[in-house]
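The values are calculated or read from the model by the stated rules, or taken from the named source; none is laboratory data. In this text the structure is predicted, and so the values were computed from the model without any measurement. Backbone-built Cβ (ideal geometry, glycine too); neighbour counts: all protein chains shown.
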Amino acid sequence: MNLLQAWVATPGATALGWTLVHSLWEGALAALFLAAALRGMRSAPARYAASCAALVLLAAGFAFTFAREMPAPAHVAVQPTVAHRIPGPPAGLGDPSEAAPRGSLGYLPWLAPLWMAGVLAFQLRGVAAWMGARRLRGTGVCVPPGLWRARLDQLVQRARISRRVVLLESCLAEVPVVIGYLRPVILLPVGLLAGLPAAQVEALLLHELVHIRRHDYLVNLVQMFVEGLLFYHPAVWWMSAVIRAERENCCDDVVVATQGDAYGYASALAALEERRAVAGDAVLASTGGSLVKRIRRLLAQPEGPRAGLTPVFSAVLLTVTLVGAMAAYQTRPPAAAAAPQLVPVAAPAAVPQPAPAPAPAAPVQVAQVQPPVRSASPGEAPRADASQASPLGTPYRKWLNEDVAYIITDAERAAFKALPSDAEREHFIQQFWERRDPTPGTAENEFKEEHYRRIAYANEHFSPASGSLSGLPGWKTDRGRIYITFGPPDEIDSHPSGGAYQRPPAEGGGTTTTVPFEQWRYRYIQNIGTNVIIEFVDPSGTGEYRMTSDPMEKDALAGGANAMRTGATVQMVGSNGVQLSVPLDRYSDHQVSVSVRIVAAGGRVVNEFENPVQGQVAFSRFLAVAPGSYRLSVAVKDMTAGTVASDVIPLEVK
Amino acid sequence: MLVVISSYMASELPRPTDAELEILTVLWSRGPSTVRDVHEAVAVRKPTQYTTVLKMLQIMAEKGLVRRNEKQRAHIYEAARPREWTQRQLAGDLLQRAFNGSAKSLMMGALSARKASKEELSELRRLLEEYEKGTR
């Protein structure tokens, strides 16, 4: 204790005490300036740079003030008399005005050891975080399948990152995270790769890669250090929170600019949050709602009042500023009190100068159409310029509804319909193809040529025989639509005459008789996924294949009256699970296999398993399912008798 | 002391060691797998003998951490409990929790460290649905 008292009596402790008091109003001022600057800023990189600048300024101001406060020889002479009057307990941190009564230094130097203890605690927290992160990247991890490792390497190259990035699946991470700066590792929660559509996984990977490219891990380390240094200041925590939020926004923007699908990305984030909610324990309180804000921002919906400074916070900051400044004035000779003001005066000049925004990784290809078109209702001729306006003529209507029906975006369609004259329509069509030209500047437009080739191919090959009911042209059939939209599949498994078909286990296994069907396999479709299999059936045998998402539909035996049903029932249990029960009493002691598959509305398989059972009255299983709509397919295969019963149950989890 | 007590509170199943956790992760990632599959996945990260993996899987089957399906010639192993369950079991470890809790502030995650509440989740769904209705 004596040692501490002796140390507190040193000029260094006094200087530190003053620095802490001054930093209160310095920080408050910097926060006010930042808040004012942010009101005028929309772009995430600018807001991020401004907040970072404010935080750096605050830390620099702290160092600068301390340097100024450090003893000039005159102060040293005063010190001893002050030190003798120091009584016992230290003052609370939160009340600087009390700690520095008029005309004496009082408790002020005691702020220094308290502050140091706080800094120590916060920096220890930082060390613990670092150790925890190190542990996480080495425990409970495994390499993902090679396909994904290769995909990551591609993304790393596209993002122009020179460091080697390692992708691992982790059973401890709840969301995708980046750990490490020099040797960055991306951890994905195990099961995510299989549980989300490939395009969404890619969007999430891209988000993490943008963090790596922006050196966010390093910046965050520095940020945590400053937080620990100025831990007592609410302005620091506020700035830090702004930096964190804008950092995510910056990454979100790059992902959307690169992939061009804000909705898909927003869904991926929401799906991630839902997975986490299902996995972990309940969350009690809700404040802030950062993800809701982010998704609002992604979908560009009006956000209500801009989240700048709330009036209460502003008032608190102002009070702190005034109290700090007054305390400084009353206890210091005027000259010295005026000096630290140099720091915040520099603030307004430095804060609103954001560093140039980092350019997105790749230019956006599609989203160039202006939104105001939504005001005109579809089909209605716009009133804009009545003298020149002409209705949508036949060739243009055909262009819209036949030529590009499958590839035009909703925004483009609306924009086209809103155009008043043929000249503008011509121009739009030209622009439409140019936007998609893979080699702009050349005479050829490979995209356009390929598109019309696909239409011709579809009309030639997919037009049903004359006996078909609808007599659709080839491009309008399901196969035509898929062919024109996604191009030729990588593989076609065609069974034009149906016949015997070896069912894979997921469809119940065994052999059955089918109507004619085709399976098209695409190795990769952007925004949909890898290894996409699309099945078409032709129940009428006329060559008019229909797309189906039910693998049982080609089964000539199933469907209709003679289909065997499993009698399975599904019951909601709690908010995120269902209890599946399949009666098995009719199989007595036969060897039975129960296969279950749950497919979400978007077509992704959420859960799939096969269970051998013997001699049981019923099979029941609890299935954890996140809220949403699904189709649950159950098949019970009697291994002994060779029969199969199946059911498809629509599932609505709320 | 607390750590020791809490690790046995979660259940009758023993808490997996780090090495066991790695194998479980492979099984959760790949689904039911043969020893060869598991060995292949583990060996990419660090050189491991096939027999080591086999031995570990046998021990884990004895402990009840994994289930063995002996129907086919190559035995198929499957994690006995879902990942979420084991995650909760591990979260009972206070030391682990303290580490992971503070580590979150350091890591760059796609989501904030704080989980969303039920209300926020339904708000998210509403936003997405509205957007979908607005454009399609």
**Message:** Of all residues being modelled with pLDDT of 90 or more and among the charged types (D, E, K, R) in region A:150-182, which is nearest to residue B:31 (Cα to Cα)? Just the residue, please.
**Reply:** A:169
**Asked** If you take the residues in region A:209-223 that are facing chain B (nearest Cβ under 10 Å) and in contact with a Leu (Cβ under 9 Å, 6 or more places away or on another chain), which one is farthest from residue A:130 (Cα to Cα)?
**Response** A:223
**Asked** Applying the selection to region A:120-162, what residues are more than 9 Å from every other protein chain (Cβ to nearest Cβ), part of a loop (DSSP other than H, G, I, E, B) and surrounded by 14 or more Cβ atoms within 10 Å (Cβ to Cβ)?
**Response** A:137, A:159, A:161
**Message:** Given the options A:38, A:3, name the one that is modelled with pLDDT under 85, farther than 10 Å from residue A:109 by Cβ and assigned to a helix (DSSP H, G or I).
**Reply:** A:3
**Message:** I want to confirm something. Restricting to region A:182-200 and keeping residues that are part of a helix (DSSP H, G or I) and at the interface with chain B (Cβ under 10 Å from one of its Cβ atoms), which single residue is surrounded by the most Cβ atoms within 10 Å (Cβ to Cβ)?
**Reply:** A:192
**Prompt:** Looking only at residues in region A:246-265 that are in a helix (DSSP H, G or I) and small (Gly, Ala, Ser), which one is nearest to the other protein chains (Cβ to nearest Cβ)?
**Reply:** A:262
**Prompt:** Inside region A:135-160, can you point out the residues that are in contact (Cβ under 8 Å) with a residue 40 or more places away in the chain and over 20 Å from the mean Cα position of the chain (by Cα)?
**Reply:** A:136, A:137, A:141, A:142, A:144, A:145, A:147, A:160
**Item:** Candidates A:270, A:241, A:262, A:285 - the one that is among the small types (Gly, Ala, Ser) and at pLDDT below 60
**Value:** A:285
